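Chemist: Would you mind keeping the following structure in view while I ask a few things?
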Amino acid sequence: MEILKYSAEHDSFRETLRKFLGKEVVPFADQWEQEGIVPREAWKKAGEQGFLCTSVPEKYGGAGADFLYSIIVIEEMIHTRQFGLLTPLHSDIIVPYITSYASEELKQKYLPGCISGDIITAVGMTEPGAGSDLTSISTTATRAGDEVIINGQKTFISCGINCDLVIVAAKDPDIDDPYNALDLYLVDASTPGFKKGNKLDKMGWRSQDTAELFFSDCRIPVTNRLGQKGGGFLMLMDKLQPERLVCTVGALTAAEIMIDLTIDFCKNHNESGKPLSKYQATQHKIIDMLTEIKLGRTFTDKLIADHIEGIKVPIEVSMAKAWVTDMAKRVADGCMDLFGNYGYYEEYPIARFWRDIRVMSIFAGTNEIMKGIAAKFMGL
Ligand SMILES: Cc1cc2nc3c(=O)[nH]c(=O)nc-3n(C[C@H](O)[C@H](O)[C@H](O)COP(=O)(O)OP(=O)(O)OC[C@H]3O[C@@H](n4cnc5c(N)ncnc54)[C@H](O)[C@@H]3O)c2cc1C
């Protein structure tokens, strides 16, 4: 019995999305990979077809759809074998901060563009000297009348080149307690004092434009702050569950695709006159990987169901993010071994997956941090 109950509408949405991606994304994935960026038109096309920000309420132009629609988009995006058109980051991680915490005026101003694909978002937390520990960020937001002046630098920012709107984590230099000093601000990319740096050269996610961002006396209205003053940490905590689920589902789907590709390869690749899949060593390796993937699927689907029910499961979601992303790395390695020589060549998709999957244990909270969170919540 399936844990997640997809309706006929969900299935039809998946079918339409798959067709769209087959026409507008898959044929260009290799080109984007080489160019290191996805053209903005691709975002626009996805928006026009209703595939961005499906959960945003109808009054802002969204579909007000449930989380299963987000899951469908994540899974189908991974099937395109490119990580440049990073719509789940935009739709399910960044834009929900605006939906939940921005003023009505900011929602009216920005949400329609986020849905249509005219506005591509980014989130700037990480700095050269602050990754896992956000209490150590140096970027400041200093109040000056009705404005806030932002100074500092962010790095490793996804969609840093394409972005039109950035959620920036900055601290109030007048507040000593780092937990109360942190705020999140919406910064329009056209604001004077905001500058995009160079696109960073990465080993994976090559079609995704990761960049540094610079803020030099960047003045924004104080009303661009999300939520209550000093509420940055609480907002981050609130949004971590969906963020980690998005990451987990992405890694799991990649593992499912990799094992399917590998099984197909092993059935059709002969070694000493018989298919590789007929060797017991191969069979055991495949079954071991498949068992882990199925365990991951059951665990993840249960957590998605809990999330949809509004149940907070921080321990389990942290565990799932850590275990599933590590499992996907093991699967990538095992599949690469079975592909042998061929797996190492770009011509075969396993090479790209192996590179792309590697980062998933690092971002959205490193796996060490995930285990630390689980331990903390358990009172260990
Ligand atoms: C492709 C890519 C895209 C990214 N996109 C974004 C983005 O859009 N926006 C953004 O803000 N950031 C982004 N990041 C940054 C990412 O979120 C950080 O890399 C992540 O938070 C980890 O921070 P760090 O790399 O500075 O590692 P560090 O925090 O320096 O950690 C280094 C090592 O120390 C370990 N460690 C740290 N603290 C502890 C602890 N307390 N206990 C045990 N071990 C610990 C970590 O687990 C890790 O193994 C991106 C990164 C990549 C690679």
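Chemist: Using a simple spin-label model with points 7 Å from Cα along the Cα→Cβ vector, what separation in nm is obtained for S272 and E9?
Modeler: 5.7 nm
Chemist: At a threshold of 8 angstrom on Cα-Cα distance, excluding pairs fewer than six apart, so keeping six or more, what relative contact order does segment 1-93 reach in percent?
Modeler: Values: 78 pairs, mean separation 31.0, N = 93.
Relative CO of segment 1-93 lands at 33 percent.
Chemist: For segment 233-377, calculate the relative contact order in percent as a whole number, restricting contacts to Cα pairs under 8 Å that are 6 or more residues apart.
Modeler: Working: 146 pairs, mean separation 46.1, N = 145.
Result for segment 233-377 is 32 percent.
Chemist: Lys/Arg Cβ at +1, Asp/Glu Cβ at -1, dipole of segment 123-230 taken about the Cα centre: which of Y179, A141, T210 is farthest positive-ward?
Modeler: Most positive-ward Cα: T210.
Chemist: Could I ask something else about it? If you take every residue apart from G343 with its C-beta less than 12 Å away from the C-beta of G343, what net charge results, scoring Lys and Arg +1 and Asp and Glu -1?
Modeler: So the surrounding residues net to -2.
Chemist: As a check on your grasp of the helix formula, calculate [θ] at 222 nm for the chain: sum -39500 (n - 2.57) over DSSP H runs of n ≥ 4, divide by the residue count, round to the nearest 500.
Modeler: It lands at -15500 deg cm²/dmol.
Chemist: Can you give the Rg to Rh ratio of segment 233-377, both from alpha-carbon atoms, with Rh computed by the Kirkwood formula?
Modeler: Details: Rg = 17.0 Å, Rh = 16.1 Å.
Answer for segment 233-377: 1.06.
Chemist: Still on this structure, please answer the following. Assuming a strict under-17 Å limit between Cα atoms, what lysine pair count do you get for segment 8-119 once near-sequence pairs (fewer than 8 apart, same chain) are dropped?
Modeler: 6
Chemist: Right, another one. Report the percentage of all Cα-Cα pairs in the chain whose separation exceeds 41 Å, rounded to a whole percent. If you can, show how the numbers build up before the last one.
Modeler: Numbers: 9235 of 72010 pairs.
When every Cα pair of the chain is considered, 13 percent fall beyond 41 Å.
Chemist: Another question, if that's okay. Within the set of other residues whose C-beta is less than 14 Å from the C-beta of I304, count the net charge using Lys and Arg as +1 and Asp and Glu as -1. Kindly include the intermediate steps, with their values, before the conclusion.
Modeler: Values: positive: K5, R244, R297, K302, K312, K321; negative: E2, D66, E75, D92, E243, D301, D306, E309, E316.
Neighbour charge sum, excluding I304 itself: -3.
Chemist: Using the beta-carbon distance between E309 and K376 and R0 = 22 Å, what value does 1/(1 + (r/R0)^6) give for FRET efficiency, to the nearest 0.05?
Modeler: On the way: r = 24 Å, r/R0 = 1.08.
Working from the Cβ atoms, E equals 0.40.
Chemist: Which distance in nm do the two modelled labels at I362 and D217 give, with both placed 7 Å along the Cα-to-Cβ direction?
Modeler: Result: 3.6 nm between the two label points.
Chemist: Given the chain, what percent of its DSSP beta bridges are antiparallel, to the nearest 5?
Modeler: 85 percent
Chemist: Rounded, prolate or oblate: which fits segment 103-188 when a ≥ b ≥ c are the square roots of the eigenvalues of the alpha-carbon gyration tensor, with rounded for a/c under 1.5 and prolate only if a/b beats b/c? Before the final figure, lay out the partial values.
Modeler: Working: a/c = 2.38, a/b = 1.40, b/c = 1.70.
Taking the square roots of the gyration eigenvalues as a ≥ b ≥ c, segment 103-188 is oblate.
Chemist: Once you charge only the Cβ atoms, +1 for Lys and Arg and -1 for Asp and Glu, what is the size of the charge dipole of segment 317-380 about its Cα centre, to the nearest 20 debye? Before the final figure, lay out each step's value.
Modeler: On the way: 8 positive and 7 negative charges, 69 e Å.
My answer is approximately 340 debye.
Chemist: Still on this structure: Work out the length of the dipole vector of the chain about its Cα centre, built from +1 on the beta-carbon of each Lys and Arg and -1 on the beta-carbon of each Asp and Glu, and round it to the nearest 20 debye. All intermediate terms of the calculation are to be shown ahead of the outcome.
Modeler: Numbers: 41 positive and 52 negative charges, 93 e Å.
Roughly 440 debye, rounded to the nearest 20.
Chemist: Tell me, what is the FRET efficiency for K199 and E48 to the nearest 0.05, using R0 = 45 angstrom and their Cβ-Cβ distance as r? Numbers along the way, then the final one.
Modeler: On the way: r = 26 Å, r/R0 = 0.58.
Working from the Cβ atoms, E equals 0.95.
Chemist: Run the numbers on the chain and let me know its relative contact order in percent, using alpha-carbon pairs under 8 Å that are six or more apart.
Modeler: Values: 662 pairs, mean separation 58.2, N = 380.
In percent, rounded to a whole number, it is 15.
Chemist: DSSP loop (so not H, G, I, E, B), at most 13 other Cβ within 10 Å: list which trypsin sites (Lys or Arg not before Pro) in segment 209-270 pass both filters.
Modeler: K229
Chemist: Among I71, V38, T87, flag the residue with its Cα farthest along the positive direction of the charge dipole of segment 8-119, charges on Cβ as +1 for Lys/Arg and -1 for Asp/Glu.
Modeler: It is V38, whose Cα lies furthest towards the positive end.
Chemist: Still on this structure, please answer the following. Can you give the longest run of the chain that contains no GluC sites (Glu not before Pro) sitting in a DSSP loop with at most 14 other Cβ atoms inside 10 Å?
Modeler: Values: sites that count: E2, E309, E346, E347.
Longest site-free region, per DSSP loop and neighbour criteria: 3-308.
Chemist: To continue, here is another question. At q = 0.12, 0.20 Å⁻¹, what log₁₀ I(q)/I(0) does segment 8-119 have when each alpha carbon counts as one equal point scatterer in the Debye sum?
Modeler: Taken in order of the listed q values, log10 I(q)/I(0) reads -0.39, -1.04.
Chemist: Further question on the same structure: Where the only charges are on Cβ atoms (+1 Lys, Arg; -1 Asp, Glu), what is the dipole of segment 1-144 about its Cα centre, to the nearest 20 debye? Write out the running numbers ahead of the final one.
Modeler: On the way: 13 positive and 20 negative charges, 54 e Å.
That gives segment 1-144 a dipole magnitude of about 260 debye.
Computed from the coordinates by the stated procedures, all read-outs in this text should not be read as laboratory data. Because the structure is predicted, anything quoted here is derived from the model rather than measured. Neighbour counts run over all protein chains shown; Cβ positions are idealised from the backbone, glycine included.
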